[in-house]
């Protein structure tokens with residue numbers, strides 16, 4: 001079981017990375033547009049970041065039950081440094097695509113890289129069963145609040161450019177340099193971790209819970225596919241195209257979104273203790289989906305932002321409940337692999353929709369991506385409820 005100091009280092013890392021993720025998620029599409037990429041190419045780069053993360057996480061899932069998690073986390077930090085350096089220095093489409101595929105860049109404010117399943121498995125092993133949902137809630141809250149700070153900081157390059165400190169292009173490249181620096185700092189945090197080999201590794205990573213995990217992964221892939229239409233980088237892009245918002249305005253909006261996402265996840269364990277983990281995921285998600293659709297169809301920028309904020313207040317309550325549910329229904333020795341295999345859809349299935357979002361936005365600024373995402377997410381919620389409401393974790397039995 002990890003010591004309390006291990007938890008503190010993981011929470012610290014999640015917070016530091018959250019700032020960097022929030023910053024680049026707001027700047028990414030605008031920066032790519034400023035250096036000459038078309039909306040279609042912007043969507044392709046976003047797709048590449050998600051496909052690359054999914055492929056690396058899938059590879060990790062095959063071997064994670066044999067690997068020292070400390071080594072995995074330090075290797076991920078090295079990739080983070082290389083990714084930030086690449087986006088800070090490159091301008092051509094093809095080289096950027098290559099860096100996006102092999103790197104850790106995150107077009108959403110949350111974490112989709114190999115850090116996530118590795119850290120989750122460590123937290124699950126160290127947390128007591130009754131406290132697991134709270135542990136995951138705080139893990140995600142710290143990431144969300146830090147992401148909000150990063151989103152707000154995305155306005156700094158634009159402000160400095162108006163003060164003629166430097167050009168906006170140079171300042172945005174410096175922001176990606178900051179992303180690389182965060183990789184170095186995160187590695188320094190991880191260096192103090194003890195060696196953490198998975199518990200009682202078996203010959204097969206999912207020998208006992210394969211059917212359950214694969215069924216959940218299939219459902220999560222539908223949710224992630226829907227979410228791919230509205231990753232934060234593309235929502236920023238859509239708001240700029242649809243309503244002409246500045247980076248300063250979108251940074252403020254997604255600062256509020258991050259705060260609401262974070263605080264709402266503290267409510268999730270309280271709800272789960274009363275109605276159950278699956279019910280918490282579904283009951284909070286469906287209203288959030290409705291708000292997303294409304295944000296896409298209303299003609300008023302104020303109304304659209306209000307609906308996006310309403311969605312943010314509900315849409316992340318399912319995250320700690322989902323993570324705790326998966327960790328609760330699989331044996332301890334299979335948690336690392338289960339975390340990996342259920343997080344892969346968060347990158348893989350969400351990787352293709354940004355291409356369609358780019359194509360849709362080339363033709364119209366109407367919120368079709370938001371409408372499509374909201375409808376598909378509702379279908380996911382209904383199917384999840386029907387298939388898993390009777391499969392209760394031990395703490396609910």
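Each reported figure results from applying straightforward, stated rules to the coordinates on display, with no laboratory input. Given the structure is predicted, the values throughout are model-derived calculations rather than measurements. Here the Cβ is made from the backbone with ideal geometry for all residues, glycine too, and neighbour counts use every protein chain on show.
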Labelled set (1) 0.95; (2) 1.27; (3) 1.12; Rg/Rh (Cα atoms, Kirkwood Rh) computed from this model equals the value at (1)
On C-alpha positions alone, give me the angle between the axis of helix 368-388 and the longest principal axis of the chain, in degrees, nearest 10. 10
Can you put 138, 270 in order, fewest other beta carbons within 10 Å first? 270, 138
At 7 Å along the Cα-to-beta-carbon direction for both residue 71 and residue 243, put a label point, then send me their distance in nm to one decimal. 5.0
Whole angstrom only: what separates the Cα centroid of segment 308-359 from the Cα centroid of segment 250-272? 16
The chain: angle of helix 301-315 to the longest principal axis, Cα-based, in degrees nearest 10: 10
Pick from 120, 232, 131 the residue whose mean-square fluctuation is largest in a GNM of the chain, springs joining Cα atoms under 10 Å. 131
Please report 281, 163 as a ranked list, fewest other C-beta atoms within 10 angstrom at the top and most at the bottom. 163, 281
Within 10 Å of each residue's Cβ, count the other Cβ atoms and sort 366, 115, 11 from fewest upward. 366, 11, 115
